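Enquirer: Please see the structure below; I have some questions.
The values are calculated or read from the model by the stated rules, or taken from the named source; none is laboratory data. Please read all numbers here as calculations on a predicted model, not as lab measurements. Here Cβ is always computed from backbone atoms with ideal geometry, including for glycine, and neighbour counts include all displayed protein chains. For the accessible areas, the whole protein counts, side chains as well, though only heavy atoms, and no ligand, DNA or RNA atoms are used. Shrake-Rupley method; radii C 1.70, N 1.55, O 1.52, S 1.80 Å.
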Amino acid sequence: MRPMQNFDEKTIELIRARLKNSLGKSNMKFKYNINKVVKDAAVLLPFCVVQGEPSVLFTIRSKYLKTHNGEVSFPGGKKEITDPSLSFTALRETNEEIGIRPEDIDILGQSTPLPNKDQTLKVYPFIGFIKTPFENIIDEIHFNKDEVQGVFTVTIEELLYSEKKQWKRLGNTNLTYPVFQASSMVGIEIWGLTAFILDTILRRLTVPPLTTEIKTFMSGQ
């Protein structure tokens, strides 16, 4: 039985519990640029179901953006002064970038904040589940072309078991992260902070396998 075989109600609740229990337990220490004002930002790692398969949704940033143009990313951006919380920021940016409303996303938890490449942003990753399943992601997601030049999904099975994976060092740290190659997007790599967040979350949800907890949960033990 594969971990996270589906996103049924029991699995969703177990994912929520696993993320809550792991929050704040990271031993990783990150540095920020002490010579600049470090701002807060938030991103959303969107779990979804595409053609019946548990998947993760990614965006490709517009080539016209000033920074990280053309790179694979999660929806997100800087916290605005009017945002009441960082989870609000993640949902607002997701709505602005790919047109999915906050009420259509179930926030399952969050992960340890991380610095961006130049250490001027403290990025808070949130994990969400898009409640409505997709059949054709290209036709069903109407993204903002000023910010996004494309969207795609990769099944969780492929992310967990793909052999098309390399390991690289994260910036000037001793941390390593995988570079994922999405088979559905020739020439597209998932790397950098996006890959580090993805790998961290998948590890938390699959080591040990969620299936053990699911069986215990369903047996009432």
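Enquirer: In this structure, does LYS79 turn out to be modelled with pLDDT under 95, open to solvent by 10 Å² or more (accessible area, probe 1.4 Å) and among the charged types (D, E, K, R)?
Expert: Details: modelled with pLDDT under 95: no; open to solvent by 10 Å² or more (accessible area, probe 1.4 Å): yes; among the charged types (D, E, K, R): yes.
Taking the combined requirement at face value, the residue does not satisfy it.
Enquirer: Hey, can you tell me all the residues within the stretch 94-118 that are in contact (Cβ under 8 Å) with a residue 60 or more places away in the chain and open to solvent by 50 Å² or more (accessible area, probe 1.4 Å)?
Expert: Correct list: GLN110, LYS117, ASP118.
Enquirer: Tell me which of these PRO84 doesn't satisfy, since it passes every other one: (1) in contact (Cβ under 8 Å) with a residue 24 or more places away in the chain; (2) open to solvent by 30 Å² or more (accessible area, probe 1.4 Å); (3) at negative phi; (4) assigned to a loop (DSSP other than H, G, I, E, B).
Expert: The failed condition is (1).
Enquirer: Here is a list of conditions, (1) at pLDDT below 85; (2) open to solvent by 30 Å² or more (accessible area, probe 1.4 Å); (3) farther than 21 Å from ASN136 by Cα; (4) not small (Gly, Ala, Ser), and GLU9 meets all of them except one; can you say which number that is?
Expert: Checking GLU9 against (1) at pLDDT below 85; (2) open to solvent by 30 Å² or more (accessible area, probe 1.4 Å); (3) farther than 21 Å from ASN136 by Cα; (4) not small (Gly, Ala, Ser), the one that fails is (1).
Enquirer: Can you tell me which condition GLU163 does not meet? The list is (1) charged (D, E, K, R); (2) over 21 Å from LYS39 (Cβ atoms); (3) in contact with a strand residue (DSSP E or B) (Cβ under 7 Å, 6 or more places away or on another chain); (4) modelled with pLDDT under 90, and all the others hold.
Expert: (3)
Enquirer: Right, here's the next one. Would you check if there is a residue in the stretch 169-179 being among the aromatic types (Phe, Trp, Tyr) and either more than 16 Å from the chain's Cα centre (by Cα) or open to solvent by 20 Å² or more (accessible area, probe 1.4 Å) (or both)?
Expert: Checked against the condition, which is being among the aromatic types (Phe, Trp, Tyr) and either more than 16 Å from the chain's Cα centre (by Cα) or open to solvent by 20 Å² or more (accessible area, probe 1.4 Å) (or both), the stretch 169-179 yields no hits at all.
Enquirer: Still on this structure, I have one more. I want to confirm something. Restricting to the stretch 30-53 and keeping residues that are modelled with pLDDT under 90 and of a type outside the set (S, T, N, Q), which single residue is nearest to ALA195 (Cα to Cα)?
Expert: In this case the residue turns out to be PHE30.
Enquirer: Let me ask something additional. Just to check your reading of the model, which residue among LYS131, LYS122 is modelled with pLDDT of 90 or more and in contact with a helix residue (DSSP H, G or I) (Cβ under 6 Å, 6 or more places away or on another chain)?
Expert: On the way: LYS122 fails: in contact with a helix residue (DSSP H, G or I) (Cβ under 6 Å, 6 or more places away or on another chain).
None of the others qualify; the one that does is LYS131.
Enquirer: Another one. Considering every residue within the stretch 87-102, establish whether at least one is within 16 Å of the chain's Cα centre (by Cα), at pLDDT 95 or above and in a loop (DSSP other than H, G, I, E, B).
Expert: Looking for residues that are within 16 Å of the chain's Cα centre (by Cα), at pLDDT 95 or above and in a loop (DSSP other than H, G, I, E, B), one finds at least one in the stretch 87-102, hence yes.
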